[in-house]
Amino acid sequence: MAFKQRVFSGVQPTGNLHLGNYLGAVVKFVALQDLYDCIYCVVDMHAITVWQDPTELPRATREVTAAFLACGIDPKKHIVFNQSQVTGHAELAWVFNCVARLGWLNRMTQFKEKAGKDRENASVGLYAYPSLMAADILLYRATHVPVGEDQKQHLELTRDVAQKFNNDYAASITGHGFGEAFFPLPEPLIQGPATRVMSLRDGTKKMSKSDASDYSRINLTDDADTIAQKIRKAKTDPHPLPADEKELAARPEADNLVGIYAALAGRTRADVLGEFGGAQFSAFKAALVDLSVAKLGPIGAEMKKLVQDPAYIDSVLADGAERARVIADETMNAVKDIVGFIRH
């Protein structure tokens, strides 16, 4: 059957959003609004797979929402909400826990990384996280998901879950008039020159909010002076910028800064090197400061304004949740019929 083209993606409310989140995810969310019906979710249920301070979680949830809005996501044309307001996420996740296989979850590299050596002490939620992620996407029967490289494995599992559900309940799906397949097999959307933004202090490590040094990242809430200072202090090597993109492979810090410039400017790395190849880092960093402040400064200022009005943010989330619930309820009613649950 033909599925309605729809995008779903979510961001965890677990602290400061930074340049990596913006270039790797949010900027793509904004662009996709012109092509698809979009559902963007603050995934607060995912956040508690590791302990969160319950006095801090609401603030972090509102901050992510503010970032969505400040970056240009339109909550009237599209849906913006927080996951816990729509119970269908948890309901469908349980059905998918009964569809997904232990072997599939055992292969998930992100659980191994997050649980570390003491896996016996990790939460069941952290282990079953991919089932909830599959439910997030398929609750809206989304056809496309913008993902970073580190989430591709989870999307592949979502496709496996959708396929197995369609196969396991094929007769019931057909019998209830849903055609040959109830869930789509969602496609990944990986775009742009900087899907992985690395630390400003170490070009071999991903930019992260958990890094001890605040100089390793540019936070979306940083003001112009802070952005400029962090870029000027960013680690480089002693050589001028190369003219050939292939030479960046052995120079991670140069590759990272060129990639950031390219992504912020909407250009290719080759194009950036065509302009700055042979230049010293001091000249390139000055240009990167100007570009970063021009692009990110207004976002930070708008975020600060929005977070000072929590009632407005909460109204956006409530309206989005109400609209999301309409789609989610339709899916869950159908799933309950297909699985064989009695409902009134």
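Here, each number is a calculation from the coordinates, and none is a lab measurement. Source: prediction; values computed, not measured. Because the Cβ atoms are built from the backbone with ideal geometry, glycine has one as well, and the counts that use them run over all protein chains shown.
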- What fraction of the DSSP beta bridges in the chain is antiparallel, stated in percent and rounded to the nearest 5? 10
- Relative contact order of the range 214-305: what whole-number percent is it, with Cα pairs under 8 angstrom and at least 6 residues apart? 40
- Which of the aspartates and glutamates could be linked to Lys76 by a straight reach, that is with a Cα gap under 13 Å, when you skip same-chain ones fewer than 8 residues away? Asp37, Asp319, Glu322
- Rank the residues Val50, Val124 as a footprinting-exposure proxy: fewest other Cβ atoms within 10 Å of their Cβ go first. Val124, Val50
- Note on the structure: Helix-only [θ] at 222 nm, the chain, -39500 (n - 2.57) per DSSP H run of 4+, per residue, nearest 500, equals -15500 deg cm²/dmol
- Item | Relative contact order of the chain, defined on C-alpha pairs under 8 angstrom at six or more residues apart (%) | 23
- Note on the structure: Among Lys28/Lys152; Lys112/Lys206; Lys205/Lys230; Lys4/Lys152; Lys230/Lys305, the pairs whose Cα-Cα distance exceeds 20 Å are Lys4/Lys152; Lys230/Lys305
- Note on the structure: Given 71-77, 140-146, 284-290, 101-107, the highest-first ranking by average Cβ count within 10 Å works out to 140-146, 284-290, 71-77, 101-107
- Query: How about Lys235: which aspartates and glutamates have a C-alpha closer than 20 Å to its C-alpha, ignoring those fewer than 8 places off in the same chain?
  - Reply: Asp202, Asp211, Asp214, Asp222, Asp225, Glu245, Glu247, Glu253, Asp255, Asp290
- Cα centroid distance between the range 277-333 and the range 35-106, in Å? 16
- Over the Cα atoms of the chain, how large are the radius of gyration and the largest Cα-Cα distance (Dmax), in Å? 21.4, 71
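Mind giving me the FRET efficiency for Asp223 and Val124? R0 is 30 Å, r the Cβ-Cβ distance, nearest 0.05 is fine. Display every interim value, and only then the final one.
On the way: r = 41 Å, r/R0 = 1.38.
The computed FRET efficiency comes out at 0.15.
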- Computed from the beta carbon distance with a Förster radius of 41 Å, FRET efficiency for Tyr312 and Phe3 to the nearest 0.05 stands at 0.75
- Message: Taking 0.36 nm per residue of sequence separation and subtracting the Cα-Cα distance, how much length would be gained by fully extending the chain between Asp74 and Ala287, in nm to one decimal?
- Response: 73.6 nm
- For the range 337-344, in order, what is each residue's ³J(HN,Hα) by Karplus, 6.51 cos²θ - 1.76 cosθ + 1.60 with θ = phi - 60°, in whole Hz (x at glycine and Pro)? 5, 5, 6, x, 7, 7, 9, 10
- Item | Whole-Hz couplings from phi, Karplus 6.51/-1.76/1.60, listed for the range 325-335; x for Gly and Pro | 4, 4, 5, 4, 5, 4, 5, 5, 4, 5, 4
